[in-house]
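Please treat every number below as a calculation from the coordinates, not as lab data. Just so we're clear, the structure is a prediction, and the values are computed from it rather than from any experiment. Cβ sites come from the backbone with ideal geometry, for glycine too, and all protein chains shown count toward neighbours.
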Amino acid sequence: MLNWMRWLPENVSTYGGEIDGIIALIYYVTLAWFFLTLGAFVLFLIFYRRRPGRRATYVQGDRLRELAWILVPVLIVLILDFWIDLRGAPVWAKVKGQMPPAELTIQVTAKQFNWEILYPGPDGKFGTEDDRQFDNELHVPVGKPVRLVLKSKDVIHSLFSPNLRLKQDMVPGRTIPAWFEATKPGKYELPCAELCGFGHSGMKAWLYVHSPEEYQKWVKEQWPTS
Amino acid sequence: MRESGAAVLDVHAHHAERGFWRTYVFSTDHKMIGKQYLSLGLFWAVVGGLLAHVMRWQLAWPETAVPGWGEVGPETYNVLVTMHGTIMVFFVAMPILLGAFGNFLIPLMIGARDMAFPRLNMLSVWVFALASLVLLVSFFIPGGAASAGWTGYPPLSAKAEYTGVNWGMDLWILAHALEFAAFLMGGVNYLTTAIALRVPGMTFFRLPLVIWQLLTATTLFLLSVGPLIAGAVMLLLDRIIGTHFYAAEGGGDPLLWQHLFWFFGHPEVYVILLPAVGLVLDVLPVFARKPIFGYRWIIYSTIAAGGLSFIVWAHHMFVSGMDPRLAMPFSITTILISVPFAFIMFAMIATLWKGSIRFDTPMLWALGFVAMFIVGGLTGIFNGSAPADIYISDTYFVVAHFHYTLFSSVVFGGFAGFYFWFPKMFGRLLSEPLGKIHFWLTLVFFNVTFFPLHNIGLAGMMRRIANPLEYEFLVPHQWINVVATVGGMLLLASQIPFVVNVVWSLLAGKTAPKNPWGANTLEWTAPSPPPHLNWGETLPVVYRGAYEYSSPEVAEDWLPQDRTLAARSR
Ligand code: HEM
Ligand SMILES: [Cu+2]
Ligand SMILES: [Cu+2]
């Protein structure tokens, strides 16, 4: 229960490890503070419990010399804060900022209570004859960056992949980009993470990450003529 | 100057002929109004707690009927989540921490005979009662109560077809509007009273810290609620006459609501937190018999935290679809808030250093708050870091985090204040053993209920889902939901000693002396309970700050704010 990093589901994306790294950094920093502050707290409670004949020391903590005892720790907190943000900024930029070029773009449209997953087909363009839509199934090749175009038809939903460490709300009226590159073939759940009505609980899709050959096979099955 | 206004009038003529209705129901006495807020808050705590119990049962054993309630469908679950959150934040935390303690303590601690505007104060509590009634009625109308989350995000909240809830949602907005009006009236009163009615000698830097915290909380509320009211009016218009403020198809933007809501929402959590911090700051020195450490710096930190709380709101929206370039600036301001709060927590701990600590019941609750709030404060860093939040947001990790902060404030902070001032409020002493049993049971089962939620959150469990077993990746972790639910039931049962204690004390408890804890502040110079207008003919005069414990100037280990010291004895 205490090693929190072991609770994260298996990471299968290229950037997931970096997100986990930030979570781990924060975890160890806060764990240290947890033991330091609670340790001091408990020690004080034990040492300075009331004993007959001993009077509390009159310390107001208004002089800098006394205040230094807590101002220095506060300064360390400040430095650690900046460190966490400094380490976090590039990770955020990598996941949500500029997206890498991708061969495959897939449009995911959420609606109460399904994901409509639209492939542009062999011509790579949306709005043409060979587009194909799948409900609640997202098929991608392993080891290739994939672009997602996220939309919603009614209310706000959120595409969540615990294994990819990807989460992005889908807002009606907006077209929101996202991307990922999966590192391991398999079948993973894609739940909706934003309350979207009575069907919210149980609203999910499946992500199929295929090996290159398998993916080619799947494409052949879906678009047999090309 | 200070003796102006309705409050002074005539100290003697007043009490005798005030009958039952004027004393208990339509009272303008700040102490009775405080108690009315307290009673309403406790009533809603029972409702909110029972809703939580039904939710927890559903989460642990989703396919079974809840005893005494029946099957919980997903629609019902959404109502439960929404109403539990709404009730706990707006109808439990605010009325108890701000309404009850603010009303009871502000005049008594600054030496005023009543609030500056006693009738407005009465109107405040009655408008709050009306808000309560509206919220209660919303459970029983066709379509049921609101179910779009306590955050009420449109478009879900904006059209009945999305949730099946129609009137419930309108009444939800109305109840909020009324409760905001109530707290606006209260807030105006708090600020005016504290500025205008302080007794001679009570300078701003001699005010007890709880007063500072209450005033800061009130100010945050007054400054942040405006945009939300504007937002709520637009939501109501979208719902009733079909405007498109939040509807993309008509050129509106759903994210507008989120900005307005959280511009209010983040200060709002400090509206709850700060009074609790204040209660704890005032209890700690009394039982450590030592001045609070760094009094002025705590005030500056509080104001700094209050100021920062206005520029962090988008940390609730990292993955909302807003421009991703906004995330890091908001991440930085958010994590910076840990600085003033770290100062306050360290100051609390430093107050214990070299103290002479007595572990009476109020002190146990105050110490419980410190310990639990450290956990909640630290887990906040995970949520505040934008990249970590991509994974953490909307999971049970967040649920664990905000219960460690909110539950700690309301329950640990609230009970610290309640056990401490109960003798003053009701003139009776509570049983110490029962109080201690209540504390230890609550501490243990609070942690059994909420600590494992961090773990299941890290495992990916989303919040606001009615049935975790619908997800294969959550099935292996289901035992955690069972542990949390059993813990939750025991947590609710742990409140039985409290009820017994209060009832027993009110019926047959020992009469409380004026100053049972040996405390310095002015309320302890009034009788227990204080009469209407609080003091007899003369008001106390203040000579020093509120925390002169174990001062070298006197032989006792306390030195009340109103005691004159003829000459220096040494
Ligand atoms: C005064 C104390 C409490 C406060 C201030 C509080 C506050 C909240 C809030 C604001 C929410 C979010 C509602 C939403 O997502 O719309 C919530 C959810 C929840 N609370 Fe509490 N709560 C308190 C006590 C409890 C207790 C005692 C329990 C359990 C026995 C509990 C269990 C839950 C559960 C299960 C959820 C739903 C989580 C979800 O589905 O997302 N709460 N609470
Ligand atoms: Cu959903
Ligand atoms: Cu916030």
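Taking a point 7 Å from the Cα of B:Ile303 along the Cα-to-Cβ direction, the residues of segment B:210-242 with backbone N closer than 16 Å to it are B:210-220.
Note on A:Gln98/B:Glu71: beta-carbon distance plugged into 1/(1 + (r/R0)^6) with R0 of 56 Å gives a FRET efficiency of 0.70.
Taking the DSSP beta bridges with both ends in chain A, the antiparallel portion is around 70 percent. Can you give the angle from 0 to 90° between the axis of helix B:361-384 and the longest principal axis of chain B, with both taken from C-alpha atoms, to the nearest 10? It is inclined by approximately 40 degrees. With a cut-off of at most 16 other beta carbons within 10 Å, and DSSP calling the residue loop, which trypsin sites (Lys or Arg not before Pro) in segment A:123-155 qualify? Please list them. Listed in order of number, the matching sites are A:Lys125, A:Lys153.
The Cβ shell under 14 Å around A:Glu181 holds other residues with a net charge of +3, Lys and Arg each +1, Asp and Glu each -1. Among A:Gly16, A:Gly88, A:Gly127, the residue with the largest mean-square fluctuation in a Gaussian network model of chain A, with springs joining Cα atoms closer than 10 Å, is A:Gly127.
Label point of B:Leu506 set 7 angstrom out along Cα-Cβ; within segment B:74-110, amide nitrogens under 18 Å from it belong to B:96-97, B:100-101, B:104.
When the charge dipole of segment B:5-525 is built from unit charges on Cβ atoms (+1 for Lys and Arg, -1 for Asp and Glu) and taken about the Cα centre, the candidate among B:Ala519, B:His403, B:Phe330 whose Cα reaches farthest toward its positive end is B:Ala519. From most to least packed by mean Cβ count within 10 Å, the peptides B:140-147, A:68-75, B:259-266, B:419-426 give B:419-426, B:259-266, B:140-147, A:68-75.
Put a dot 7 Å past the Cα of A:Ala24, heading toward its Cβ, do the same for A:Glu116, and the two dots end up 4.2 nm apart.
Lys-Lys pairs in chain B that are eight or more residues apart or on separate chains and whose Cα atoms lie under 14 Å of each other come to 5. Can you tell me how segment B:45-171 classifies by the Cα gyration tensor, rounded, prolate or oblate, using a/c under 1.5 as the rounded cut? Taking the square roots of the gyration eigenvalues as a ≥ b ≥ c, segment B:45-171 is prolate. Straight distance only, please: which aspartates and glutamates reach the Cα of A:Lys96 with their own Cα at less than 18 Å, same-chain residues fewer than 8 apart left out? Partners within reach: A:Glu18, A:Asp20, A:Asp85, A:Asp169, A:Glu181, B:Asp323, B:Asp389, B:Asp394. From helices alone, chain B scores -19000 deg cm²/dmol at 222 nm; the rule is -39500 (n - 2.57) for each run of n ≥ 4 DSSP H residues, then divide by the residue total. When the Cα gyration tensor is reduced to axis lengths a ≥ b ≥ c, the ratio a/c is 1.5 or higher for chain B, and with a/b above b/c it is classed as prolate.
Dipole of the protein assembly as shown computed with +1 at Lys/Arg Cβ and -1 at Asp/Glu Cβ about the Cα centre; of B:Met115, B:Ala493, B:Ile241, farthest Cα towards the positive end is B:Met115. Annotation for segment A:94-146: GluC sites (Glu not before Pro) lying in DSSP loop with at most 13 further Cβ atoms inside 10 Å of their Cβ are A:Glu103, A:Glu129. In whole Å, what is the distance between the alpha-carbon centres of segment A:73-95 and segment B:108-142? Rounded to whole Å, the Cα centres lie 44 Å apart.
Taken about its Cα centre, segment B:27-161 carries a charge dipole of about 500 debye when Lys and Arg each add +1 at the Cβ and Asp and Glu each add -1 at the Cβ. Excluding same-chain residues fewer than 8 positions from A:Lys220, which lysines have a Cα within less than 17 Å of its Cα? Partners found: none.
Where Rh is the Kirkwood radius over the Cα pairs of segment B:412-480, the temperature 37 °C and the viscosity 0.692 mPa s, what D in µm²/s does Stokes-Einstein return? D = 218 µm²/s.
Estimated from the Cβ-Cβ distance and a Förster radius of 56 angstrom, the FRET efficiency linking A:Arg63 and B:Leu130 is about 0.65. Counting, for every residue in B:247-258, the Cβ atoms of other protein chains within 10 Å of its Cβ and taking the mean gives 3.
Based on a Kirkwood Rh over C-alpha pairs, give the Stokes-Einstein translational diffusion coefficient of chain A at 25 °C and viscosity 0.890 mPa s in µm²/s. Stokes-Einstein gives a translational diffusion coefficient of 115 µm²/s. Over the protein assembly as shown, one equal point on each Cα, no solvent: what is log10 I(q)/I(0) by the Debye formula at q = 0.07, 0.08, 0.09 Å⁻¹? Reported log10 I(q)/I(0), two decimals: -0.53, -0.69, -0.86. Extending 7 Å from the Cα toward the beta-carbon at both B:Val482 and A:Glu214 defines two label points whose distance is 3.3 nm. Straight-line reach from A:Lys204: taking Cα to Cα under 19 Å and skipping same-chain neighbours fewer than 8 places apart, the lysines in range are A:Lys111, A:Lys151, A:Lys153, A:Lys167, A:Lys187.
Would you be so kind as to identify which of B:Ala217, B:Ala232, B:Leu136 lies farthest towards the positive end of the dipole of segment B:5-525, taking Lys and Arg as +1 and Asp and Glu as -1 on Cβ and the Cα centre as origin? Checking the options against the dipole of segment B:5-525, the answer is B:Ala217. Assuming R0 = 30 Å, can you tell me the calculated FRET efficiency for the pair B:Leu490 and B:Asp323, based on Cβ-Cβ distance, to the nearest 0.05? So the FRET efficiency works out to roughly 0.05. Beta bridges per DSSP, both residues in the protein assembly as shown: antiparallel share near 70 percent.
Counting Lys and Arg as +1 and Asp and Glu as -1 over every other residue whose Cβ lies under 12 Å from the Cβ of A:Asp131, the net charge comes to -2. Shielding of peptide A:60-69 by partners, expressed as the average count of other chain Cβ atoms within 10 Å per residue Cβ, is 5. Principal-axis analysis of the Cα atoms of chain B puts helix B:30-60 at an angle of about 30° to the longest axis.
Summing +1 for each Lys or Arg and -1 for each Asp or Glu among the other residues whose beta-carbon sits under 12 angstrom from that of B:Glu556 gives 0. For chain B, the longest principal axis of the C-alpha atoms and the axis of helix B:209-240 are separated by about 30°. Sorting B:462-469, B:439-446 by average packing, meaning the other beta carbons within 10 Å per residue, from highest down gives B:462-469, B:439-446. Net length available on complete extension from B:Ala196 to B:Thr538 is 121.3 nm, with 0.36 nm assigned per residue and the Cα-Cα distance removed. The label point for A:Arg50 and the one for B:Phe310, both projected 7 Å from the Cα toward the Cβ, are 4.4 nm apart. List the residues of segment B:400-430 whose backbone N lies under 13 Å from a point placed 7 Å from the Cα of B:Asn447 along the Cα-to-Cβ direction. Hits in segment B:400-430 for B:Asn447 at 13 Å: none. Per-peptide packing, taken as the mean over residues of other Cβ atoms within 10 Å, places B:107-116, B:164-173, A:182-191 in the sequence B:107-116, B:164-173, A:182-191 from highest down.
Here segment B:5-525 is assigned +1 on the Cβ of each Lys and Arg and -1 on the Cβ of each Asp and Glu. Its dipole about the Cα centre then comes out at about 2000 debye.
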